[in-house]
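Trainee: Questions regarding the structure given below will be posed in turn.
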Amino acid sequence: MAHQDYISRSSKKKSNPYKKNAKQAPTGIPLKVKVLALVMIAAIAGFGYFLWQLKDVEPTVLPAKPQSKASSTTKLPEPPKEKWQYIEQLQGPKEVEGGEYEVVDKGPYKMQCGSFRTIKQAEQLKAKMAFTGLIAQISRSEGKNGVYYKVFLGPYQKKREAERDKHKLKRNNVNYCQIWLWR
């Protein structure tokens, strides 16, 4: 099959966009844009003239009301009597009542971090806690439901110490530790 040139067969001749054609209207600024620019220039010039005219205008000052001599020498009226008591309480001398209380140390604390059915699971948690720098203990307890192995830390003299270790364990992914009184 022979090569066919479809572009050259078209009956309309298209104008070359790169050549200037005498038939085209000259490109310029549209009439609307020209009118709008002229209106804007006139508005700016009018506003400037208005401001220039304002510089010569004297401001008008209203005369002040004359004050009578009697009003300047009279005293202010007495304030009304207050119905509330807190104003008198604020004006008087202040005394702080100190509460007497005694800090009671509840006793040593322990922190339990797990309770397992098998000793192997308890040893795994104890090893994980050892990596954080804390030495845990394992205790065996027998109950109605069988034997449990509890992993705990302690004794702590203050609860704050136990809280500090609890946060240390939490940062190392050992969660669910509970702080109880040592019994």
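Trainee: Read through the list (1) surrounded by 17 or more Cβ atoms within 10 Å (Cβ to Cβ); (2) on the phi > 0 side of the Ramachandran plot; (3) in contact with a Cys (Cβ under 8 Å, 6 or more places away or on another chain), then give the number of the only condition that LYS166 fails.
Mentor: (2)
Trainee: Look at segment 106-156 and say how many of its residues are in a strand (DSSP E or B) and not β-branched (Val, Ile, Thr).
Mentor: So the answer is 23.
Trainee: Working carefully through the options PRO59, PRO63, PRO77, find the one that is of a type outside the set (Val, Ile, Thr), assigned to a loop (DSSP other than H, G, I, E, B) and modelled with pLDDT of 85 or more. Outline the logic, then answer.
Mentor: Details: PRO59 fails: modelled with pLDDT of 85 or more; PRO63 fails: modelled with pLDDT of 85 or more.
The unique qualifying residue is PRO77.
Trainee: Quick one: would you say LEU134 is in contact with a helix residue (DSSP H, G or I) (Cβ under 7 Å, 6 or more places away or on another chain), surrounded by 13 or more Cβ atoms within 10 Å (Cβ to Cβ) and more than 16 Å from SER115 (Cβ to Cβ)? Show your work before the answer.
Mentor: Values: in contact with a helix residue (DSSP H, G or I) (Cβ under 7 Å, 6 or more places away or on another chain): yes; surrounded by 13 or more Cβ atoms within 10 Å (Cβ to Cβ): yes; more than 16 Å from SER115 (Cβ to Cβ): yes.
Yes; evaluated as a whole, the condition is true for this residue.
Trainee: Surrounded by 10 or more Cβ atoms within 10 Å (Cβ to Cβ), at pLDDT 80 or above, aliphatic (A, V, I, L, M) and over 30 Å from PRO155 (Cβ atoms): which single residue out of MET40, MET129 fits that description? First the steps, then the outcome.
Mentor: On the way: MET129 fails: over 30 Å from PRO155 (Cβ atoms).
Only one candidate passes the filter, namely MET40.
Trainee: Before we move on, is ALA122 at pLDDT 95 or above and touching a Leu at 6+ places or on another chain (Cβ under 9 Å)? So that I can check it myself, show each step before the final result.
Mentor: Working: at pLDDT 95 or above: yes; touching a Leu at 6+ places or on another chain (Cβ under 9 Å): no.
When the stated conditions are applied, ALA122 does not pass them.
Trainee: For a quick check of your reading of the model, give me the residue pairs whose first member lies in segment 107-121 and is farther than 30 Å from LYS158 by Cβ and touching a residue at least 12 places away in the same chain (Cβ under 8 Å), whose second is of a type in the set (A, V, I, L, M) and surrounded by fewer than 15 Cβ atoms within 10 Å (Cβ to Cβ), with beta-carbon atoms closer than 8 Å and at least 6 apart or on different chains.
Mentor: Hits for this filter: ARG117/VAL147.
Trainee: Go over the candidates GLY107, GLY46, GLY92, GLY146 one by one and state the one that is touching a Leu at 6+ places or on another chain (Cβ under 9 Å) and of a type in the set (Gly, Ala, Ser). Give the derivation first.
Mentor: Numbers: GLY46 fails: touching a Leu at 6+ places or on another chain (Cβ under 9 Å); GLY92 fails: touching a Leu at 6+ places or on another chain (Cβ under 9 Å); GLY146 fails: touching a Leu at 6+ places or on another chain (Cβ under 9 Å).
That would be GLY107, the only listed residue that is touching a Leu at 6+ places or on another chain (Cβ under 9 Å) and of a type in the set (Gly, Ala, Ser).
Trainee: Read through the list (1) hydroxyl-bearing (Ser, Thr, Tyr); (2) over 37 Å from the mean Cα position of the chain (by Cα); (3) closer than 13 Å to SER115 by Cα, then give the number of the only condition that TYR156 fails.
Mentor: For TYR156, the failing item is (3).
The values are calculated or read from the model by the stated rules, or taken from the named source; none is laboratory data. As the structure is a prediction and not an experimental result, all values here were calculated from the model. No Cβ is skipped: glycine too gets one built from the backbone with ideal geometry, and neighbour counts run over all protein chains shown.
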